[in-house]
Amino acid sequence: MADKILLSKPIMVNGSDVKELSYDIDSITPEQAMEAEKRAAMNGASKGLVNFVPGNFNQGYQFYLGCFAIINVNPSIDIMDMARVKGRDYNKIVAVGASFFVDTSPEESMTEATPSVESPSDSSSGLTVVSMENAPSLLDD
């Protein structure tokens, strides 16, 4: 399913200003995911950075995942076109890539300021509630 992001600063693609980008996060292939990881690592290495951040927290990796989700729906756009985004539009593409790791859209994940805590009776959350009432104290000897 293709969604859209609106760019605040259009990018030039094949002689035309593009302000709206469709994307489909589910169109990313394993090869593209690995290519995104490689590009993020190479980009950091060229700046003398060694990256030990897991992919779901790595903005460079998320950016390239977002680029591939956009490129897959817009074959006239390539990775060099995506490199021309500016300002907060970069964050919009990072949010698209970050949605690869969760089951919500980037718009939903960007509007949630704090995570919600499910009640112990809500087993659909996947959370396990553990009581620390009888846990040993580090001060006990």
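Some observations on this one:
- Residues satisfying the stated conditions in region 5-34, i.e. among the charged types (D, E, K, R) and within 13 Å of residue 97 (Cα to Cα): 24, 26
- Pairs meeting the criteria (first residue in region 55-79 and under 12 Å from residue 32 (Cα atoms), second residue acidic (Asp, Glu), beta carbons under 8 Å, at least 6 apart or on different chains) are 61/37; 64/35; 64/37; 68/35; 69/24; 71/78; 72/24.
- Among the candidates 131, 99, 109, residue that is in a helix (DSSP H, G or I) and either exposed (fewer than 12 other Cβ atoms within 10 Å of the Cβ) or modelled with pLDDT of 60 or more (or both): 99
- Residue in region 26-38 that is surrounded by the most Cβ atoms within 10 Å (Cβ to Cβ), counting only those that are of a type in the set (A, V, I, L, M, F, W, C) and modelled with pLDDT under 95: 36
- Filtering region 82-94 for residues that are within 13 Å of residue 21 (Cβ to Cβ), in contact with a Ser or Thr (Cβ under 7 Å, 6 or more places away or on another chain) and modelled with pLDDT of 95 or more leaves a non-empty set.
The values are calculated or read from the model by the stated rules, or taken from the named source; none is laboratory data. As the structure is a prediction and not an experimental result, all values here were calculated from the model. Every residue, glycine among them, receives a Cβ derived from its backbone with ideal geometry; neighbour counts consider all protein chains shown.
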